[in-house]
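Values quoted throughout were computed directly from the atomic coordinates according to the rules given, and no laboratory measurement underlies them. Fair warning: this is a prediction, and the values are worked out from it, not measured in the lab. In this analysis, Cβ positions are derived from the backbone assuming ideal geometry, glycine residues included, and neighbour counts consider all displayed protein chains.
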């Protein structure tokens, strides 16, 4: 933490440290449920007591050995990977188009593209159901992938657009003047410079798809259970500590994704010369 300047008075110092203490208390309050779930996932008994009578990995073993959870993992990975690929491609192309200085109605197009982030998810899921049902896209993985692509693309658009703000378009014009095709210019010049934004958007799209449950409840059938839907069903039908083990694994995965995003952000700042 950087030291305060010597001219800061007592009131300024009190606000400086008091604000940080307040933020720490709020963060602790928000993280308290997670801090409770993680230890309980190692409980040796099938009931929730604190302090715990003993530590065990039995619920993690049940998760790994269960065919139901294995099918949920498979479905979640298939949907999340396909969603990430589609969202990254569509979001990157959209961001490149929005970066064009002469694009008409840029604000309107941007608003439409990020609208899935603004509209309540329940309303979006209901609209997807009524749109996909006549087309036969419910009760199958393809419909869920399309729905998650619509939800994940805005994250790619935002991150890639933010990366393109400081992009020097004279590089692409120079490449074109030397005879390079648009595809060659993109893969050799544009993509290496905006790659941190593309990867960040892809990770956000993956996390959004992997953790999404509302659209799955509307569009998926019995065989298309994902990890969040299986957790939802488990909490409604039979509350088991196995759900806590799955939640702990998802928390670890989320922390790993956020750490990767932070490293990519810092790398992007170093490339731009913001940091030494």
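What do the square roots of 5 times the Cα gyration tensor eigenvalues come to for the stretch 67-272, in whole Å, largest first, as semi-axes of the equivalent ellipsoid?
Calculated on Cα positions only, the semi-axes equal 35, 20, 14 Å.
Where does each of 56, 87, 200 land when they are ranked from fewest to most other beta-carbon atoms within 10 angstrom?
56, 200, 87
So if R0 is 35 Å, what FRET efficiency would residue 47 and residue 27 give, r being the distance between their Cβ atoms, rounded to the nearest 0.05?
Efficiency, rounded to the nearest 0.05: 0.70.
Who wins for biggest fluctuation among 15, 69, 59 in a Gaussian network model of the chain, springs between alpha carbons below 10 Å?
15
I want to check the label-to-label distance for residue 10 and residue 85. Put each point 7 Å from Cα in the C-beta direction and report it in nm to one decimal.
If labels sit at residue 10 and residue 85, their model points lie 6.6 nm apart.
Viscosity 1.306 mPa s, temperature 10 °C: what is the translational diffusion coefficient of the stretch 107-151 from Stokes-Einstein with a Kirkwood Rh over Cα pairs, rounded to a whole number of µm²/s?
The diffusion coefficient I find is 142 µm²/s.
Which order do the peptides 34-42, 160-168 come out in when sorted by mean C-beta neighbours inside 10 angstrom, highest first?
160-168, 34-42
Which order do the peptides 92-99, 258-265 come out in when sorted by mean C-beta neighbours inside 10 angstrom, highest first?
92-99, 258-265
Can you show me the helix-derived [θ] at 222 nm for the chain, built from DSSP H runs with n ≥ 4 at -39,500 (n - 2.57) apiece and divided by the number of residues, rounded to the nearest 500.
Helix contribution divided over all residues of the chain: -24000 deg cm²/dmol.
Sort 145, 79, 109, 26 so the one with the fewest other Cβ atoms within 10 Å of its own Cβ comes first.
So the ranking, lowest neighbour count to highest, is 26, 109, 145, 79.
How are the C-alpha pair distances of the stretch 41-150 spread across 10 Å bins, as whole percents from the shortest bin up?
12, 25, 25, 19, 13, 5, 1
Report relative contact order for the chain in percent, whole number only (criteria: Cα-Cα under 8 Å, sequence separation at least 6).
Contact order relative to length: 28 percent.
Rg and Dmax of the stretch 158-245 over Cα atoms: what are they, in angstrom?
Just the Cα atoms of the stretch 158-245 yield Rg and Dmax of 21.4, 66 Å.
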